[in-house]
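Reviewing the structure listed below.
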Amino acid sequence: MLEFAILGFLFESRLHGYELRKRLAALTGHVRPIADGTLYPAIKRLLEGGLLIKELESGVAAPRHMLELTDAGRVKLLRLLAAPEDVFITDENHWFCLLAFLRHLDDPAAQAAVLRRRLEFLSAPASFFYEGDRALSAEDVDDPFRQGMLRIARVTSSTELEWLNATIGELDEQSGYGGVGN
């Protein structure tokens, strides 16, 4: 997810490491703090893979290294956006990271296809807790903390499903897709 987010932010503009780190922390830091020991090796891998370039630029106090996406980096991000790995659909933190950059996929039909994958995932019956094979709802448990988890998840899922359906409809209109039966 870190390398994906680096590509996403650099798709938008050239950045120096400190600014990139601030943006990454704002997006994912509340879940996974970004340490220098994690960030800079990821940047190095992307540089060595030909997805980024680093140029020295004069700064206010001292020169600084600016990072920029190469054409190969742009192609890779667009490919990842169009066909994200399952974890980007099923894991909420990865999903939010994907949503942060999905606008760069400049094709409403392709964007809608990604949203449909999430819609399909969320539409499958699921719970945090089961009795045998039966998914338990908040009404099925006595523990107030588990009830809270299940109620919060229900409201969150309901809101996301509403947003997904509305946004897919808008994207279908933009792309000329009728959306009948979806």
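The values are calculated or read from the model by the stated rules, or taken from the named source; none is laboratory data. Because the structure is predicted, anything quoted here is derived from the model rather than measured. Positions of Cβ are backbone-derived with ideal geometry, glycine not excepted, and every protein chain shown enters the neighbour counts. For accessibility, only protein heavy atoms count, side chains too; no ligands or nucleic acids. Shrake-Rupley method; radii C 1.70, N 1.55, O 1.52, S 1.80 Å.
Without any contact (Cβ under 8 Å) to a residue 60 or more places away in the chain, over 16 Å from E3 (Cβ atoms) and not acidic (D, E) - does that describe any residue in segment 48-57?
Yes, because at least one residue in segment 48-57 is without any contact (Cβ under 8 Å) to a residue 60 or more places away in the chain, over 16 Å from E3 (Cβ atoms) and not acidic (D, E).
Would it be correct to say that L136 is surrounded by 14 or more Cβ atoms within 10 Å (Cβ to Cβ), in contact (Cβ under 8 Å) with a residue 40 or more places away in the chain and among the aliphatic types (A, V, I, L, M)?
no
Is at least one residue of segment 118-132 acidic (D, E) and either more than 27 Å from F88 (Cβ to Cβ) or in contact with a Ser or Thr (Cβ under 9 Å, 6 or more places away or on another chain) (or both)?
Within segment 118-132, one or more residues are acidic (D, E) and either more than 27 Å from F88 (Cβ to Cβ) or in contact with a Ser or Thr (Cβ under 9 Å, 6 or more places away or on another chain) (or both).
Which members of segment 41-91 meet the condition of being modelled with pLDDT under 95, assigned to a loop (DSSP other than H, G, I, E, B) and open to solvent by less than 40 Å² (accessible area, probe 1.4 Å)?
Selection gives G59 alone.
Please name all residue pairs, on different chains or six or more residues apart, with Cβ atoms under 7 Å, provided the first residue is in segment 155-177 and is farther than 12 Å from A112 by Cβ and the second residue is open to solvent by 40 Å² or more (accessible area, probe 1.4 Å) and modelled with pLDDT of 95 or more.
Correct list of pairs: empty, since none qualify.
I'd like the full set of residues that are touching a residue at least 12 places away in the same chain (Cβ under 8 Å), assigned to a helix (DSSP H, G or I) and either out of contact with any Leu (no Cβ under 6 Å at 6 or more places or on another chain) or closer than 23 Å to L24 by Cβ (or both), limited to segment 92-110.
Hits for segment 92-110 are N93, H94, W95, F96, C97, L98, A100, F101, L102, H104, A109, A110.
Go through (1) closer than 22 Å to L20 by Cβ; (2) at pLDDT 95 or above one by one and return the number of the condition A109 breaks.
(1)
What's the number of the condition L39 fails, among (1) touching a Pro at 6+ places or on another chain (Cβ under 7 Å); (2) more than 30 Å from T156 (Cα to Cα)?
In the conditions (1) touching a Pro at 6+ places or on another chain (Cβ under 7 Å); (2) more than 30 Å from T156 (Cα to Cα), L39 misses (1) alone.
Which of the residues belonging to segment 116-170 are under 20 Å from D86 (Cα atoms), among the hydrophobic types (A, V, I, L, M, F, W, C) and not in a helix (DSSP H, G or I)?
Once the filter is applied, which keeps residues that are under 20 Å from D86 (Cα atoms), among the hydrophobic types (A, V, I, L, M, F, W, C) and not in a helix (DSSP H, G or I), segment 116-170 yields A124, A126, F128.
Would you check which residues across segment 92-131 are open to solvent by 60 Å² or more (accessible area, probe 1.4 Å), hydrophobic (A, V, I, L, M, F, W, C) and closer than 30 Å to D142 by Cβ and list them?
F121, A126, F128
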